[in-house]
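The values are calculated or read from the model by the stated rules, or taken from the named source; none is laboratory data. Please read all numbers here as calculations on a predicted model, not as lab measurements. Every residue, glycine as well, gets a Cβ built from its backbone with ideal geometry; the counts of neighbours run over all protein chains shown.
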Amino acid sequence: MNHLSSNFLDRYRRNKGTYQLKAVVKEMGEKNKNKLVYYINDKKLFFGSLFILMPEIDDLNLYEQLNIRNITALKICAKITEDEKLKEKVESLSSENRENMFYAIKWMVNTGHYDDGLNNKFDEVLDAAVSQMIKTYEDKTILPAVAEMIFKRNRKNQFTHDLIWAFFESRDPYVLEIIARYLRSSNKKDVELASNLLSCNLSDEGLHMMRPKSYSAYLSWLKENSPFIYFSGESFQQTSHPSPWRVNLSKKYLCQGPKVQNKKNTQPITAEAQSEQLQSFNQLNDTERILLSEYSYKMYKKNIHLWEKWIKSPVNRQMEIAKKGLGGIMK
Amino acid sequence: MILVSGKPFDAGIINEYAERSVERIIFNKLSVSSEQYVYDTVSQLKFEMKLRKEIINASYQLNRSKMSFLVFRKSKCNEQYWARTDEGGFLLRGDVRGSDAINDIFINGFKYGTECATAMIIVYYKALLNVFPKEVFDQLFSKIHLMDWHYLDRLIKEVGYMKKPKEYLPGDRRYIINPDVDPLTPHWQGENIIDLNGNLYYGHGIGIQKSETIIAILNQKRGEGAKRSAYLLDTVGRPDFNKIEAAYNQNVR
């Protein structure tokens, strides 16, 4: 536990260890139960301490005195770890509503991630809490903490599979910026994992993987492509090289999308012409589509009037011009 | 259309295979396709047929093996042959043969439990073991690490990639994705499956089923308020058959 919680039980655990904490809790439970309940229900308590003290809470039968946050957290623990005895004891206590669940799970993640690695069961509960927070409650505030857990576990070759999946399931490109920060890490394993997670498959054939070369190069790439990226849903369960985020090359080629800066005084091509151009564009091979889409967007940003002429020309003519690169029409 | 050494393939070889055999089904599909399937030699083509058939056989064998479906955190293996890693994968012990360790999964399946992706890798290794002589298999695969699509041997690393194919063929790996899975059971986020005959598929934990049945099962594993159905992706995972055939020629023929 690295973070300095001011709760008595957390401090005791930090200074004296789990074994001593359990001993002092047992003693306090016999001498001053109310004081113990006060500490356990304290809003500053960390989830790790509650989890560690589950056997003592059971021995002292403190369930009915626990607050809604703790009861909800214990219900979640019972469900995830399939602990039928615990489930029976907490099931009827306090009502479960969406708001209670949200605050309890958020507390579990926000304070629990400091104790990540405590033991297999704790990590399992934490993974499920993260998954719930992201998928059910669509909470994005926990994402940096989740990234920290992923990279910390990866350094120790521990289980990251479900956390990585949940992290990307936020379906928010913000995750790419969070991961990119680890490209600057002095730890080789961090850089390797960040590079893997940020790799982007640019083609359907899977032959054009964009692997980030450096933090700054990746940010430039992301800035260039952010108007066109979309969530693909790929995960490590499906493939060895998932691209959870992909670039929509057709939209990049046509410079379309809600985030593409609208240029004034443009005369967009008609929907019919667009459809024809796209048909030809999609018949190109992956390398050509990547080249043409990149060229198109660069030209669009640099000279909208030339782009308007270029985008209306036949695709094979566009390709000739694009192959000449910046030395051609963009002079 | 099948091209061997740049020429249209003499389909006479098809008669070597039984009427309803996997090989015939594949031959017929490739022959009538408008796309060109290019092989350097007849041997390459026949090797792909053989390995595809063994992928299917291994799928049936694993389905019968009694290996259970367990999430990585709770995965289990026979420690006489494998060391379970902190991630939940299985690492071949240094003092045993890869062939014996792979075979043990099929003999003592009840001692093993893992998720669907790792089961696919087991299928591939078993298929290779059914094709290669045991000694060659042990020589080629002296270090095996079973853990979904991570740590794949260089000879089979292509199975970890998914691509849009020209045709779907028996022995292909497919994937059914479940976008609205219950966040508390993320292992049902999708199912890796082996195409057995274009109609039936093998998926670990689900068994041998039609794709519609697998989709219906995955839909039951969705979270509250789910709106999207699970669906079969249009991509496939395949080994590089020619690369493996080259290794076979080098070590066996």
Specify which of the listed residues (B:LYS221, B:LYS227, B:LYS210) is more than 10 Å from chain A (Cβ to nearest Cβ) and either among the aromatic types (Phe, Trp, Tyr) or buried (at least 16 other Cβ atoms within 10 Å of the Cβ) (or both). B:LYS221
Identify, please: which residue in the range A:94-105 is within 14 Å of chain B (Cβ to nearest Cβ) and in a helix (DSSP H, G or I) and is, among those, surrounded by the fewest Cβ atoms within 10 Å (Cβ to Cβ)? A:ARG98
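Just a yes or no: is a residue in the range B:49-60 more than 25 Å from B:ILE121 (Cβ to Cβ), of a type in the set (A, V, I, L, M) and in contact with a Leu (Cβ under 9 Å, 6 or more places away or on another chain)?
There is no residue in the range B:49-60 that is more than 25 Å from B:ILE121 (Cβ to Cβ), of a type in the set (A, V, I, L, M) and in contact with a Leu (Cβ under 9 Å, 6 or more places away or on another chain).
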Just a yes or no: is a residue in the range A:159-173 more than 19 Å from B:LYS74 (Cα to Cα), at pLDDT 95 or above and over 14 Å from the mean Cα position of the chain (by Cα)? no
Filter result (within 14 Å of another protein chain (Cβ to nearest Cβ) and in contact with a Phe, Trp or Tyr (Cβ under 9 Å, 6 or more places away or on another chain)) within the range A:51-93: A:CYS77
State the number of residues belonging to the range A:121-152 that are among the aliphatic types (A, V, I, L, M) and within 10 Å of chain B (Cβ to nearest Cβ). 5
Restricting attention to the range A:206-225, the residues that are surrounded by 16 or more Cβ atoms within 10 Å (Cβ to Cβ) and either of a type in the set (Gly, Ala, Ser) or within 12 Å of another protein chain (Cβ to nearest Cβ) (or both) number exactly 1
Quick one: in the range B:161-200, of everything that is of a type in the set (Gly, Ala, Ser) and modelled with pLDDT of 95 or more, which residue is nearest to B:THR118 (Cα to Cα)? B:GLY190
In the range B:142-198, the residues that are in a loop (DSSP other than H, G, I, E, B), in contact with a Leu (Cβ under 8 Å, 6 or more places away or on another chain), in contact (Cβ under 8 Å) with a residue 60 or more places away in the chain and within 10 Å of another protein chain (Cβ to nearest Cβ): B:MET162
Scanning the range B:1-57 residue by residue, those polar (S, T, N, Q) and closer than 21 Å to B:ALA247 by Cα turn out to be B:SER5, B:THR41, B:SER43, B:GLN44
Report whether or not A:ASN110 is touching a helix residue (DSSP H, G or I) at 6+ places or on another chain (Cβ under 8 Å) and within 14 Å of chain B (Cβ to nearest Cβ). no
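Being of a type in the set (S, T, N, Q) and surrounded by 24 or more Cβ atoms within 10 Å (Cβ to Cβ): is that true of A:SER170 here?
No, not satisfied.
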Does B:ASN242 fit the bill of being outside any loop (DSSP other than H, G, I, E, B) and more than 13 Å from chain A (Cβ to nearest Cβ)? yes
Tell me whether the range A:74-81 contains one or more residues that are of a type in the set (Gly, Ala, Ser) and within 30 Å of A:GLU27 (Cβ to Cβ). yes
Conditions: (1) surrounded by fewer than 16 Cβ atoms within 10 Å (Cβ to Cβ); (2) at pLDDT 95 or above; (3) out of contact with any strand residue (DSSP E or B) (no Cβ under 8 Å at 6 or more places or on another chain). B:LEU233 meets all but one. Number of the miss? (3)
Taking the stated definitions as given, is A:ASN201 within 12 Å of chain B (Cβ to nearest Cβ), modelled with pLDDT under 95 and buried (at least 20 other Cβ atoms within 10 Å of the Cβ)? yes
When you scan the range A:27-78, how many residues do you find that are touching a Gly at 6+ places or on another chain (Cβ under 8 Å) and among the aliphatic types (A, V, I, L, M)? 3
Report, ordered by the first and then the second residue, all pairs with beta carbons closer than 6 Å, sequence separation of six or more or different chains, a first member in the range A:181-201 that is among the small types (Gly, Ala, Ser), and a second member that is assigned to a helix (DSSP H, G or I). A:SER185/A:VAL191; A:ALA194/A:ILE179; A:ALA194/A:TYR182; A:ALA194/A:LEU183
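Does at least one position in the range B:99-111 carry a residue that is more than 10 Å from chain A (Cβ to nearest Cβ), outside any helix (DSSP H, G or I), at negative phi and touching a Cys at 6+ places or on another chain (Cβ under 9 Å)? Give the steps one after another, and end with the answer.
Initially, the range B:99-111 is screened for residues more than 10 Å from chain A (Cβ to nearest Cβ), giving B:99-111.
With outside any helix (DSSP H, G or I) added as a condition, the list becomes B:108.
Okay, now just the ones that are also at negative phi, so B:108.
Cutting the leftovers down to touching a Cys at 6+ places or on another chain (Cβ under 9 Å) gives us none.
No, the range B:99-111 has no match at all.
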Could you list, in sequence order, all residues of the range B:1-52 that are crowded, with 17+ Cβ neighbours inside 10 Å and in a loop (DSSP other than H, G, I, E, B)? B:PHE9, B:TYR17
As an exercise: evaluate B:LYS74 against (1) under 30 Å from A:LEU126 (Cα atoms); (2) crowded, with 18+ Cβ neighbours inside 10 Å and give the number of the one condition it does not meet. (2)
Any residue at all in the range B:208-224 that is within 22 Å of A:PHE231 (Cα to Cα) and in a strand (DSSP E or B)? yes
Looking at B:TYR161 and the list (1) in contact with a His (Cβ under 8 Å, 6 or more places away or on another chain); (2) over 30 Å from A:LYS135 (Cα atoms), which single condition is not satisfied? (2)
Working only within the range A:226-241, note down all residues that are without any contact (Cβ under 8 Å) to a residue 60 or more places away in the chain and either over 16 Å from A:ARG171 (Cα atoms) or facing chain B (nearest Cβ under 9 Å) (or both). A:GLY233, A:GLU234, A:GLN238, A:THR239, A:SER240, A:HIS241
In the range B:44-94, which residues are of a type in the set (D, E, K, R) and without any contact (Cβ under 8 Å) to a residue 60 or more places away in the chain? B:LYS46, B:ARG64, B:LYS66, B:ARG73, B:LYS74, B:LYS76, B:GLU79, B:ARG84, B:ASP86, B:ARG93
